[in-house]
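S.K.: Before I ask anything, let me first share the structure, which is written out below as structure tokens.
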Amino acid sequence: MTNVEFLFDFGSPNAYFCHRAIPAIEQSTGVKFTYVPILLGGVFKATGNRSPFEAFAGIKNKNDYDGLEIKRFCEEHGITDFRSNPHFPINTLALMRGAVAAQKIGVFEKYVNDFYRYMWVEERNLNDPAEIARALTDSGFDAKELFALTQDPEIKQTLVDNTSDAVARGVFGSPTFFVDDDIYFGKDRLHVVVSEIEKRRAKASA
């Protein structure tokens, strides 16, 4: 069975676009993606990278082209509700610790779906702990329990380990995919990920 990992952080809009496209890919290929929460700020610090928002600020035509690529990707994958969050960029440390905590208590998939929606559809200010608490409550989670878990040393260390392991494997940003041990970066490589899945399935069934 082909192992496909999706290394994500809620602060990456391109990771959000991939998240929206993944369910159809899973259905068509029969391969379930494994979501791995990482801290993008930690990856940037470890690799000397910067976000595109910062790195490409002021470059003539670059942001316009990126907007065009977003439009094309959304049209291709039927994404009609994306909104550019006015509070972006945000510090995602609490959100990503929350994702690890959600894994621990068995609500990870709903947490990921809901917080991607809160970030990139509803435009909530997820820099604000009070807004995070409201979002947790709106999702039906126990906000006090999840907040407490984000301070658990084991939860903190898991996110640190996920992030450092990702860097050790060659990750420098998000979205990053691994098909078995092969790395692919960016939403524009998602079609290559699909192609690799299909090739490996065909080889396995030959």
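The values are calculated or read from the model by the stated rules, or taken from the named source; none is laboratory data. Note that the structure is predicted; figures quoted are calculated from it, not measured. Here Cβ is always computed from backbone atoms with ideal geometry, including for glycine, and neighbour counts include all displayed protein chains.
S.K.: In segment 97-108, how many residues are touching a residue at least 12 places away in the same chain (Cβ under 8 Å) and surrounded by fewer than 14 Cβ atoms within 10 Å (Cβ to Cβ)?
M.R.: Of the residues in segment 97-108, 1 are touching a residue at least 12 places away in the same chain (Cβ under 8 Å) and surrounded by fewer than 14 Cβ atoms within 10 Å (Cβ to Cβ).
S.K.: If you don't mind, another one. Given the condition touching a Phe, Trp or Tyr at 6+ places or on another chain (Cβ under 6 Å), surrounded by 12 or more Cβ atoms within 10 Å (Cβ to Cβ) and of a type outside the set (Val, Ile, Thr), answer yes or no: does some residue in segment 183-201 qualify?
M.R.: Within segment 183-201 (the criterion being touching a Phe, Trp or Tyr at 6+ places or on another chain (Cβ under 6 Å), surrounded by 12 or more Cβ atoms within 10 Å (Cβ to Cβ) and of a type outside the set (Val, Ile, Thr)), the answer is yes, since at least one residue qualifies.
S.K.: Identify, please: which residue in segment 76-123 is polar (S, T, N, Q) and not in a loop (DSSP other than H, G, I, E, B) and is, among those, nearest to residue 191 (Cα to Cα)?
M.R.: Per the stated criteria, the residue is 113.
S.K.: Mind checking which pairs have a first residue in segment 115-135 that is among the β-branched types (Val, Ile, Thr) and a second that is surrounded by fewer than 15 Cβ atoms within 10 Å (Cβ to Cβ), Cβ under 6 Å, 6 or more apart or different chains?
M.R.: Partner pairs satisfying both residue conditions: 121/81; 121/83.
S.K.: Scanning for something modelled with pLDDT of 95 or more, touching a Leu at 6+ places or on another chain (Cβ under 9 Å) and of a type in the set (A, V, I, L, M), does segment 69-87 turn up at least one residue?
M.R.: No, because not a single residue in segment 69-87 is modelled with pLDDT of 95 or more, touching a Leu at 6+ places or on another chain (Cβ under 9 Å) and of a type in the set (A, V, I, L, M).
S.K.: Of the residues 149, 126, which single one is surrounded by 16 or more Cβ atoms within 10 Å (Cβ to Cβ) and assigned to a helix (DSSP H, G or I)?
M.R.: The unique qualifying residue is 149.
S.K.: Identify, please: which residue in segment 151-174 is under 18 Å from the mean Cα position of the chain (by Cα) and of a type in the set (S, T, N, Q) and is, among those, modelled with the lowest pLDDT?
M.R.: Among residues in segment 151-174 that are under 18 Å from the mean Cα position of the chain (by Cα) and of a type in the set (S, T, N, Q), the one modelled with the lowest pLDDT is 174.
S.K.: Which count do you get for residues in segment 32-59 that are modelled with pLDDT under 95 and part of a loop (DSSP other than H, G, I, E, B)?
M.R.: Qualifying residue count for the region: 8.
S.K.: Pairs under 7 Å by beta carbon, first residue in contact (Cβ under 8 Å) with a residue 60 or more places away in the chain and within 27 Å of residue 136 (Cα to Cα) in segment 148-171, partner assigned to a helix (DSSP H, G or I) and among the charged types (D, E, K, R), six or more apart or different chains?
M.R.: Note: pairs meeting the criteria are 159/97.
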